[in-house]
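Novice: Below: one structure in structure tokens.
Bear in mind that the values in this text are calculations on the coordinates, not laboratory data. As the structure is a computational prediction, the values presented were derived from the model and not from experiment. Neighbour counts are summed over all protein chains in view; Cβ atoms, including those assigned to glycine, are modelled from backbone coordinates with ideal geometry.
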Amino acid sequence: MTTMLTTWKEPGHVTMGAASTKLAQTGSLLDAIEAGLTAAEDDPELIAIGRGSLPNSDGELELDASVMRGDNLDAGAVCAMRGIFPAISVARKVMETTPHVMLAGDQARRFAIQHGFVPENLVTEEVCRRYREYLVSPERAKAYVHTAQDNRQDPPHDTVTMLGLQDGKFVAASSTSGMPFKIPGRVGDSPIVGAGIYADDEAGAAGATGLGEELWKACASFRAVQNLARGMSAQEACDEVARHMRRRQTKCHEIPCVVLALDKNGGFGAALTTGEFDLWVWRDGDLECHHYTQVQD
Ligand code: GLY
């Protein structure tokens, strides 16, 4: 039996389509999750991941990605990497070909080029348009991205995180362009093992999406997996993290912080500190989308 989870309605749809196709071709969960995140990175309509995503305050895209295996706790990540697609594949390459966990910035880019990735311009016309809007009205541009409450029809987007379980083995992975219009060099939770992702075959897997600073401070993914190890269900594990964050971290009352988890029986859950969230669940060919609202305190 194989179960895969992925975050947010629009990117999740793209991600799960590619992941399930790859799983059918190769049977490999790791390949499937890499393919899912690659498809999302390649879609310029998705403004929080890969090509066409929102830039930093200099107008440049800086990408973060990570992957972790639950069987041996191997992990790989890149952060603040410019002009390389797909970032998730570079993270996997770090995991599989180096003794390290993370490479950063220009040196992550150099490593990618040394391993055959071709540098490219991931900034689209739409990125330039949104950046010009940001330069005119920075606060309005940031507020729109975080709340999607103005009258434009674009859906909100965020980091794409995937979890998978196949024959008792877990994989967790994430890819993002991070916080829109961030200070150059800022890194969020997504490439940080324990914050944005965690996987341990002895307990389960967890991931995060939303306001990276707060998720990182909470070690949200590790905390959720620790909850699984103590015997909580996936939903209970996520609820505990979201409640703890709401109690201790007031910033997560304003901007959603989401944690999702998958347990050893294929049970899944998600919880968030505010707002709304959609989680796609794929299980042996059946696909469902589950809607979540703010955790009860
Ligand atoms: N969760 C993505 C970020 O804050 O960078």
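Novice: What Kirkwood hydrodynamic radius do you get for the chain when you take the inverse of the mean 1/r over all pairs of distinct Cα atoms, in Å?
Specialist: 18.4 Å
Novice: Full extension from D297 to R283: what is 0.36 nm times the residue separation minus their Cα-Cα distance, to one decimal in nm?
Specialist: So the extension gain works out to 2.0 nm.
Novice: How would D239, D278 line up from fewest to most surrounding beta-carbon atoms within 10 angstrom?
Specialist: Arranged by neighbour count, lowest to highest, D239, D278 become D278, D239.
Novice: Fewest first, what order do C238, C219 take by the number of other Cβ atoms within 10 Å?
Specialist: Ranked by crowding around the Cβ, least crowded first: C219, C238.
Novice: Follow-up question, since we're still on this one. Give the list, by residue number, of cysteines in the chain with no other Cys Cβ closer than 4.7 Å, or say none.
Specialist: So, C79, C128, C219, C238, C289.
Novice: Oh, and also: Once R0 is set to 51 Å, what does the formula 1/(1 + (r/R0)^6) return for the Cβ-Cβ distance between D58 and N265, expressed as a FRET efficiency to the nearest 0.05?
Specialist: That gives a FRET efficiency of 0.65.
Novice: Also, I was wondering about something else. Measuring from centroid to centroid over Cα atoms, what is the spacing of region 15-49 and region 207-241 in Å?
Specialist: About 24 Å separates the Cα centre of region 15-49 from the one of region 207-241.
Novice: Just subtract the alpha-carbon distance of E133 and T98 from 0.36 nm times their residue separation and send over the number in nm, one decimal.
Specialist: 8.5 nm
Novice: Wrap a convex hull around the Cα atoms of region 1-98, take a quarter of its surface area, and give that in square nanometres.
Specialist: Across all orientations, region 1-98 yields a mean hull projection of 6.8 nm².
Novice: Another question about this same structure. Holding the Cα-Cα limit at 29 Å, pick out from K9/K142; K22/K217; K142/K264 the pairs that are longer than that.
Specialist: K22/K217; K142/K264
Novice: Which order results if L135, L211 are arranged by neighbouring Cβ count within 10 Å, fewest first?
Specialist: Listed from fewest to most nearby Cβ atoms, that is L135, L211.
Novice: Under unit Cβ charges (Lys, Arg +1; Asp, Glu -1), what dipole magnitude, rounded to 20 debye, does the chain have relative to its Cα centre?
Specialist: It comes to approximately 640 debye.
Novice: Divide by every residue of the chain the summed helix terms, -39500 (n - 2.57) for each DSSP H run of at least 4, and state the resulting mean residue ellipticity at 222 nm, rounded to the nearest 500 deg cm²/dmol.
Specialist: -11000 deg cm²/dmol
Novice: Tally Lys/Arg at +1 and Asp/Glu at -1 over every other residue whose Cβ is under 11 Å from the Cβ of I33; what's the total?
Specialist: +1
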